[in-house]
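The structure under discussion appears below in the form of structure tokens.
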Amino acid sequence: MKIDSHHHFWNYSAEAYGWIGEGMDVLKRSFGPDDLKPLIDSAGIDGVISVQARTELKENPFLCDYAKKNDIIKGVVGWVDLTKENAGTEIARFTEMPKAVGLREVLQGKDDDAYCLRKDFNRGISMLHDFGLVYDILIFHRHIPNAIKMVDQHPIQLFVLDHVAKPSVVSAVPDPVWAKNMAELAKRENVFCKVSGMVTEVAKGLDWNADLLRPYFDVVLEAFGPDRLMFGSDWPVCLLQSEYQKWVTCVEEWTADLSEDEKADFWGGTAVRAYGLKG
């Protein structure tokens, strides 16, 4: 299967999606499977993973109901407050829902850069392996050192880093600190990485293209290898900077020189193995 490992759905309201702010008008409408399917069909994508966009428990049945009704959705990454005393109960409830494969917290939005090191949060993380769930790491590049400390507490837990840790793209030369930290994180073989969300980190006034972002892809390819990298669109958030097909074409250009086996991993095999996706 060719997999898009990262997209979102929502029924838009300003109250429910307060993070969709000024200058993001293209996102201020509802997006559902009927909007996504023609895009993935045109791009030759066979299946997708739906990822939470609200930090509310009702996000889980909302996404899993879509997954139950749409064969293109192969997995759902939901949300549970892992710091709560009843986290185990809520995790168990989520795993009973159709195609539940992982959980995510919006760590990038926390006021505390060390939120991922909280004792109660890591107590929650420690439960996920027994439930067969992956944990998606959503952070900015400055959080990578703390993310490494978190990962090191859970050597048997599978993690997937979203959006290559959102480096600041101000030129075609990646920040060497981000590159060094990514290489260090990649030494943990239980961590996978999504090649997604890069276009929205391009500095204002800077036109993005494949050549601008290629060096960032090269960093993560060298660090993780194609067997721990997976394609993701971050649709519809990517619409702030790119149409769906434009992003797919860009990544196809970057992966053109990979072997057929490496392409098979990057474009689907890695996501299938990491999340335990079914056909």
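Laboratory data are not the source of any read-out in this text; all were calculated from the coordinates shown. Quick caveat, the model's predicted, so the values are computed rather than measured. A quick note on method: Cβ atoms are made from the backbone with ideal geometry, for glycine too, and the neighbour counts reach across all protein chains shown.
Which one, Val177, Val106, Val191, has the greatest fluctuation when you compute a Gaussian network model over the chain with C-alpha springs under 10 angstrom?
Among Val177, Val106, Val191, the largest GNM mean-square fluctuation belongs to Val177.
Gaussian network model of the chain, Cα springs within a sub-10 Å range: biggest mean-square fluctuation belongs to which of Ala264, Ala16, Ala147?
Comparing Ala264, Ala16, Ala147 in a Gaussian network model of the chain, the most mobile one is Ala16.
Considering all projection directions equally, how large on average is the shadow of the alpha-carbon convex hull of region 82-134, in square nanometres? Walk me through the numbers on the way to the answer.
Numbers: hull surface 15.1 nm².
Over all viewing directions, region 82-134 projects a mean Cα-hull area of 3.8 nm².
Where a Cα-Cα gap under 23 Å defines reach, which lysines qualify for Lys2, not counting those fewer than 8 residues away within the same chain?
Lys37, Lys68, Lys69, Lys74, Lys99, Lys194, Lys246, Lys263, Lys278
Does region 38-105 classify as rounded, prolate or oblate by the C-alpha gyration tensor (a ≥ b ≥ c root eigenvalues; a/c under 1.5 gives rounded; else a/b over b/c gives prolate, otherwise oblate)?
Values: a/c = 2.90, a/b = 2.28, b/c = 1.27.
Cα axes put region 38-105 in the prolate bin.
When only DSSP loop residues count, what GluC sites (Glu not before Pro) in region 1-68 have their Cβ near at most 14 other Cβ atoms within 10 Å?
Values: sites: Glu15, Glu22, Glu56, Glu59; in loops: Glu15, Glu22, Glu56.
Filter output for region 1-68: Glu15, Glu22, Glu56.
Run the dipole for the chain about the Cα centre, Lys and Arg Cβ at +1, Asp and Glu Cβ at -1, nothing else charged, and hand back the magnitude in debye, nearest 20. Could you put the intermediate results ahead of the total?
Values: 31 positive and 43 negative charges, 125 e Å.
Charge dipole, the chain, about its Cα centre: 600 debye, nearest 20.
Positive end of the dipole of region 187-279, charges at C-beta (+1 Lys, Arg; -1 Asp, Glu), about the Cα centre: which of Val219, Trp247, Thr200 has its Cα farthest in that direction?
Thr200
Taking only Cα atoms and a 10 Å spring cutoff, compute GNM fluctuations for the chain and point out the largest among Lys69, Lys37, Lys263.
The residue that fluctuates most here is Lys69.
Between Asp130 and Glu252, what is the FRET efficiency for a Förster distance of 35 Å, r being their Cβ-Cβ separation, to the nearest 0.05? The partial results should precede the final answer.
Working: r = 38 Å, r/R0 = 1.09.
Calculated value: 0.40.
For Lys2, what residues show an amide H to amide H distance below 5 Å, using hydrogens built from the backbone and excluding near sequence neighbours?
Answer set, sorted by chain and number: Asp46, Gly47.
Work out, step by step, the length gained on full extension between Gln153 and Arg118: first 0.36 nm times the residue separation, then minus their alpha carbon distance; give nm to one decimal. Write out the running numbers ahead of the final one.
Values: separation 35, 0.36 × 35 = 12.60 nm, distance 1.15 nm.
Net length gain for the segment: 11.5 nm.
Return the whole-Å distance between the Cα centroid of region 8-22 and the Cα centroid of region 80-112.
Each part reduced to its Cα centre gives a spacing of 20 Å.
Among the DSSP beta bridges whose two residues both lie in the chain, what percent are antiparallel, rounded to the nearest 5? If you can, show how the numbers build up before the last one.
Values: 1 of 26 bridges.
If I count the DSSP bridges inside the chain, around 5 percent turn out antiparallel.
In bins 5 Å wide, starting from 0, what share of all Cα pairs of region 3-275 does each bin hold, as a percent?
With a bin width of 5 Å, the distribution comes to 1, 6, 13, 18, 20, 19, 14, 7, 2, 0.
Taking only DSSP H segments of four or more residues, each worth -39500 (n - 2.57), what value at 222 nm results for the chain once the sum is divided by all its residues, to the nearest 500 deg cm²/dmol?
The helix-only estimate for the chain comes to -10500 deg cm²/dmol at 222 nm.
Given DSSP loops and a limit of at most 14 other Cβ atoms within 10 Å, what is the longest stretch of the chain that contains no such chymotrypsin sites (Phe, Trp or Tyr not before Pro)? List each step's numbers first, then the result.
Details: sites that count: Tyr12, Trp19.
In short, 20-279.
For Cα pairs less than 8 Å apart in space and 6+ apart in sequence, what is the mean separation divided by the residue count of region 3-275, i.e. the relative contact order in percent?
On the way: 483 pairs, mean separation 50.5, N = 273.
For region 3-275, the relative contact order is 18 percent.
Quick one: compute the contact order of region 128-273, relative version, from alpha carbon pairs under 8 angstrom and 6+ residues apart, as a percent. All intermediate terms of the calculation are to be shown ahead of the outcome.
Values: 206 pairs, mean separation 31.5, N = 146.
Relative contact order for region 128-273 comes out at 22 percent.
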